[in-house]
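For reference, the structure discussed in these notes is given below.
Computed from the coordinates by the stated procedures, all read-outs in this text should not be read as laboratory data. What you are looking at is a predicted structure, and each value in this text was computed from that prediction instead of being measured. Quick reminder, even Gly has a Cβ in these numbers, built from the backbone with ideal geometry, and neighbours come from all protein chains shown.
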Amino acid sequence: MPTLTEAPTTPLLPADVPVRFVARLIDAAVLTAFGLAFGWQVGFGFNWLIATAAVVLAYFVLADVLAGTTLGKAVLRLQVIDQGGTKPTLKQAAVRESFVLLGAVPFAGPFLALAAWIWIVVTIRSSPTRQGIHDHLAGTQVTRRELSRHQA
């Protein structure tokens with residue numbers, strides 16, 4: 001039994017596609033609201049596209065590095081860890097999240113982003129540790145903290 005000063009330990013399980021998808025939807029809603037508000041202020045031109053892409057990348061990378069989780073992941077008890085079980089480094093997070101820039105490529109972006117998402121989903125589903133290609137390249141894994149009995 002943990003003492004009052006010890007946090008109860010709960011197992012970390014590999015996070016599968018559905019819960020990761022919902023986490024990304026939450027993050028996408030937040031970032032879309034930002035992008036629209038910013039675009040209404042400065043216009044929806046090329047400068048808006050570059051600035052918004054930079055904010056999106058910075059959001060995911062800094063959230064991974066500083067907290068090990070984004071807003072969407074935190075809501076669903078997900079976290080990004082490195083092979084040692086700690087938060088990823090700046091380099092690992094940048095490698096892991098760089099695919100988000102594909103959507104900002106003029107004209108072809110949506111198709112490139114869709115292809116990347118399909119590849120990521122296929123590789124997550126085929127991995128026993130539920131690591132996508134972006135996780136393998138970065139040396140990271142997304143895990144889900146299981147609720148303990150007294151938390152449920």
Seminar exercise, completed: Of Ala67, Ala33, Ala15, the most mobile residue in a GNM of the chain (C-alpha springs, cutoff 10 Å) is Ala33
Problem set entry | Chain lengthening between Ala67 and Glu146 when straightened (0.36 nm per residue, less Cα-Cα) | 26.6 nm
For this session: Using label points projected 7 Å from each Cα along Cα→Cβ, tell me how many nm separate Arg125 and Lys91, to one decimal.
Result: 3.3 nm
Seminar exercise, completed: For the chain, using Cα atoms only, the Rg and Dmax in Å read 16.9, 58
Problem set entry | Candidates Thr123, Thr70, Thr86, ranked by Gaussian network fluctuation over the chain, Cα under 10 Å, top entry | Thr86
Exercise. By how many nm would the segment from Phe111 to Phe46 grow when fully extended, if each residue of separation counts as 0.36 nm and the alpha-carbon distance is taken off?
Worked result: 21.5 nm
Seminar exercise, completed: Which of Trp119, Trp48, Trp40 fluctuates most in a GNM of the chain (C-alpha springs under 10 Å)? That residue is Trp40
Problem set entry | Local net charge near Ala28, Cβ-Cβ under 13 Å (Lys/Arg +1, Asp/Glu -1) | +2
